[in-house]
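Q: Submitted below is the structure of interest, expressed as structure tokens.
A short reminder: the numbers here are calculations on the coordinates, not readings from a lab. What you are looking at is a predicted structure, and each value in this text was computed from that prediction instead of being measured. Because the Cβ atoms are built from the backbone with ideal geometry, glycine has one as well, and the counts that use them run over all protein chains shown.
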């Protein structure tokens with residue numbers, strides 16, 4: 001029997017829907033193409049739209065989850081919902097839905113046609129309400145601590161230089177240039193930056209990268225998890241006050257010490273196991289890394305406690321979302 005509960009995300013991989021899958025029981029599809037050139041992006045969306053439409057018509061889900069952005073996916077989901085009127089449509093709105101380049105493409109009237117609209121934190125919820133999103137459909141569901149997926153035994157690294165991993169999307173809110181400056185102050189510590197560094201060519205001056213900063217590129221999910229868990233400390237930085245940092249949720253799930261930006265939201269969500277730093281201050285970042293390395297055993301114990309607390313908190317929110325979905329389904333029956 002086909003699973004009538006389906007989640008679509010137009011990305012190669014995203015930890016959040018993977019971590020939620022065991023609770024909500026949906027079939028998860030990452031829709032991707034081999035098109036990389038930004039000038040060919042319209043064709044990329046057309047190809048993804050065709051893949052998504054084919055899957056929808058083949059599987060006929062009764063509960064349909066989509067991840068935004070990008071917003072073109074919403075149009076396909078609404079078209080499907082118009083044909084299959086009993087479908088419950090849940091839209092998981094990543095922060096980029098309501099700020100940056102995607103904000104100008106967002107039509108709140110289309111978003112309000114969905115049955116459940118999910119924001120990732122209370123700050124984003126308030127921003128969404130100001131933009132005109134239906135508050136009765138809007139719910140907060142924070143990101144669940146990451147679940148381990150790799151079946152390989154994670155062996156300790158051969159003793160050597162301390163290693164800090166900074167997973168990065170190379171967006172404008174991630175201060176890569178400042179990290180270069182911080183790294184120069186701690187030349188005996190390696191900073192590994194994973195992710196598609198080609199995206200940052202127009203934003204950051206890579207010629208100023210010091211030798212102790214290394215780009216890893218985009219890693220497979222298994223290689224990423226292994227590198228993550230073999231590192232001494234994990235770092236996530238953002239210049240935006242409303243960003244909750246996927247890397248911090250991963251660090252919580254994998255029980256890793258963190259160095260993260262000092263924002264009110266991040267202190268609320270990750271109040272243990274972290275050293276907080278000034279995002280645009282190289283000295284603060286360098287000092288924070290040294291402090292985290294010195295305290296890593298203590299921070300690991302704190303993160304283990306934080307993980308348990310956040311899972312309980314997340315399950316309460318997830319239960320509320322699940323109850324709302326069931327009530328909507330009952331009313332449509």
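Q: In whole angstrom, how long is each semi-axis of the equivalent ellipsoid of the range 163-309, when you take the square root of 5 times every eigenvalue of its Cα gyration tensor and sort them from largest down?
A: Semi-axes, largest first: 22, 16, 15 Å.
Q: If I model a spin label at residue 326 and residue 219 as a point 7 Å from the Cα along the Cα→Cβ vector, what separation in nanometres do I get?
A: If labels sit at residue 326 and residue 219, their model points lie 3.9 nm apart.
Q: Provide the FRET efficiency to the nearest 0.05 for the residue 294-residue 241 pair, computing r from the beta carbons and using R0 = 25 Å.
A: Computed FRET efficiency for residue 294 and residue 241: 0.35.
Q: Sticking with the crude label model, points 7 Å out along Cα→Cβ, report the distance from residue 203 to residue 230 in nm, one decimal please.
A: 2.7 nm
Q: Working out 0.36 nm times the residue gap between residue 37 and residue 169, then minus their Cα-Cα distance, what length gain in nm do you get to one decimal?
A: Taking 0.36 nm per residue and subtracting the Cα distance, the gain is 45.8 nm.
Q: How far, in degrees from 0 to 90, does helix 221-230 lean away from the longest principal axis of the Cα atoms of the chain, to the nearest 10?
A: For 221-230 against the chain, the angle is about 30 degrees.
Q: Now for a separate question. To the nearest 10 degrees, how steep is helix 282-294 against the longest Cα principal axis of the chain, on a 0 to 90 scale?
A: It is inclined by approximately 80 degrees.
Q: Hey, in the GNM for the chain with a 10 angstrom Cα cutoff, which one of 58, 272, 296 fluctuates hardest?
A: So, out of 58, 272, 296, the one fluctuating most is 58.
Q: Given 0.36 nm per residue, what is the gain on full extension from residue 272 to residue 99 after removing their alpha carbon distance, in nm?
A: So the extension gain works out to 59.5 nm.
Q: Treating only the Cα positions of the range 250-327 as identical point scatterers, give the base-10 log of I(q)/I(0) from the Debye formula at each q in 0.19 Å⁻¹.
A: Each listed q maps to, in turn, -0.79.
Q: Report the Cα centroid-to-centroid distance between the range 161-237 and the range 1-36 in angstrom, as an integer.
A: For the range 161-237 versus the range 1-36, the Cα centre distance is 27 Å.
Q: Using Cα pairs closer than 8 Å and at least 6 residues apart in sequence, work out the relative contact order for the chain, in percent.
A: Over the chain, the number comes to 14 percent.
Q: By how many degrees, between 0 and 90 and to the nearest 10, does the Cα long axis of helix 41-59 differ from the longest principal axis of the chain?
A: Roughly 50 degrees, rounded to the nearest 10.
Q: So what does log10 I(q)/I(0) come out to for the chain at q = 0.07, 0.10, 0.16 Å⁻¹, using the Debye formula with one equal point on every Cα and no solvent?
A: The computed values of log10 I(q)/I(0) come out as -0.30, -0.61, -1.46.
Q: Could I ask something else about it? If you stretched the chain out fully between residue 304 and residue 107, how much longer would it get, using 0.36 nm times the residue separation minus the C-alpha to C-alpha distance?
A: Length gained, residue 304 through residue 107: 66.8 nm.
Q: Let me ask something else about it. Report P(r) for the range 45-127: all Cα-Cα distances, bin width 5 Å, range 0 to the bin holding the largest distance, values in whole percent.
A: 3, 14, 27, 25, 17, 9, 4, 0
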